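K.L.:
I am attaching a structure below and will ask some questions about it afterwards.
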Amino acid sequence: FISDDDQSLFENDPIEYVRKIHSSSMEWVDHRHSASQLVENLAKLRERDVLPVVLNFVQSKLYEYQAATGDAKMAMYIEKDACLQIIGHISLSLIKSPSHSPEMEPFLLNHVITFLTIKMNFLYLIS
């Protein structure tokens, strides 16, 4: 979800970056918005089929991130950010789901709370 151009814009002009990612006019051309809407709508309309697949994918990526060390971990932070954005977009479906709702608190403690304490300003802003 984060391109090199986005990261460069954040580092050089953080105010413009925030304006850009929250601009409603950018929704029409932003691939992230389209992908997010697709996943969100699939989770709403096909919950039983989509949620297990998405959650397995997200959890496998997040466990890979946790197991990585050093430079490998730094290279995977964009994947972790994308996974957390996916969870954010399907959160209403997860909360309403009786089988997935109990899993959310441990998930948030393991993957989100630790992400908020990260020392990379760019990631902290978007989390």
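The values are calculated or read from the model by the stated rules, or taken from the named source; none is laboratory data. As the structure is a prediction and not an experimental result, all values here were calculated from the model. As a convention, Cβ positions derive from the backbone with ideal geometry for all residues, glycine included, and neighbour counts pool all protein chains shown. For accessibility, only protein heavy atoms count, side chains too; no ligands or nucleic acids. Shrake-Rupley method; radii C 1.70, N 1.55, O 1.52, S 1.80 Å.
K.L.:
Given a 1.4 Å probe and the protein chains all in place, what does the accessible area of VAL112 round to, in Å² to the nearest 10?
P.N.:
40
K.L.:
Please list, in order along region 72-89, the HN-Hα scalar couplings obtained from phi with the Karplus expression 6.51 cos²θ - 1.76 cosθ + 1.60 (θ = phi - 60°), rounded to whole Hz, x for Gly and Pro.
P.N.:
Karplus-based 3J(HN,Hα) across region 72-89 equals 4, 5, 4, 6, 9, 5, 5, 5, 5, 4, 4, 5, 5, 5, 4, 4, x, 6 Hz.
K.L.:
Is the C-alpha gyration tensor of region 16-64 telling us rounded, prolate or oblate? Criteria: a/c under 1.5 is rounded; beyond that, a/b larger than b/c is prolate, otherwise oblate.
P.N.:
Numbers: a/c = 4.07, a/b = 1.69, b/c = 2.42.
Oblate is the answer for region 16-64, as a/c is 1.5 or above yet b/c matches or exceeds a/b.
K.L.:
Answer rounded, prolate or oblate for the chain, using the Cα gyration tensor with square roots of eigenvalues a ≥ b ≥ c: rounded when a/c is under 1.5, else prolate when a/b is larger than b/c, else oblate. Working shown, then result.
P.N.:
Details: a/c = 2.07, a/b = 1.24, b/c = 1.66.
Oblate is the answer for the chain, as a/c is 1.5 or above yet b/c matches or exceeds a/b.
K.L.:
Need one word for region 27-97: rounded, prolate or oblate. Basis is the Cα gyration tensor (sqrt eigenvalues a ≥ b ≥ c); a/c below 1.5 gives rounded, then a/b vs b/c decides. All intermediate terms of the calculation are to be shown ahead of the outcome.
P.N.:
On the way: a/c = 2.99, a/b = 1.48, b/c = 2.01.
Taking the square roots of the gyration eigenvalues as a ≥ b ≥ c, region 27-97 is oblate.
K.L.:
Mind checking the dipole of the chain: about its Cα centre, +1 per Lys or Arg Cβ, -1 per Asp or Glu Cβ, Debye to the nearest 20? Each step should come with its number before you reach the end.
P.N.:
On the way: 11 positive and 17 negative charges, 86 e Å.
The calculation lands at about 420 debye.
K.L.:
Need one number: nm distance between label points at SER23 and ASP49, each 7 Å from Cα along Cα→Cβ, rounded to one decimal.
P.N.:
3.7
K.L.:
Counting heavy atoms of the protein chains only and a 1.4 Å probe, report the per residue accessible area for the chain as a whole number of Å².
P.N.:
Details: 8220 Å² over 127 residues.
On a per-residue basis, the chain sits at 65 Å².
K.L.:
Considering only protein heavy atoms, what is the solvent-accessible area of ASP5 at a probe of 1.4 Å, reported in Å² to the nearest 10?
P.N.:
My reading of the accessible area for ASP5 is about 120 Å².
K.L.:
Using a 10 angstrom Cβ neighbour count of at most 16 plus a DSSP loop assignment to flag exposed trypsin sites (Lys or Arg not before Pro), which longest range of the chain is free of such sites?
P.N.:
Numbers: sites that count: ARG46, LYS119.
No qualifying site falls inside 47-118, the longest such stretch.
K.L.:
What are the ³J(HN,Hα) values, in whole Hz, obtained from phi via the Karplus relation 6.51 cos²θ - 1.76 cosθ + 1.60 with θ = phi - 60°, for each residue of region 94-105 in sequence order, with x given for Gly and Pro?
P.N.:
In residue order, the calculated couplings are 5, 5, 6, 7, x, 7, 9, 4, x, 6, 6, 4 Hz.
K.L.:
With a 1.4 Å probe and all protein chains left in place, how much of the accessible area of the chain comes from carbon and sulfur atoms, in whole percent?
P.N.:
Values: 4780 of 8220 Å².
Looking at the chain in its full context, I get 58 percent from C and S.
K.L.:
Sticking with this one: Evaluate the relative contact order of the chain (contact order divided by residue number), counting alpha-carbon pairs under 8 angstrom at least 6 apart; express in whole percent.
P.N.:
Values: 62 pairs, mean separation 33.0, N = 127.
Taking the mean separation of contacting Cα pairs over the length of the chain, I get 26 percent.
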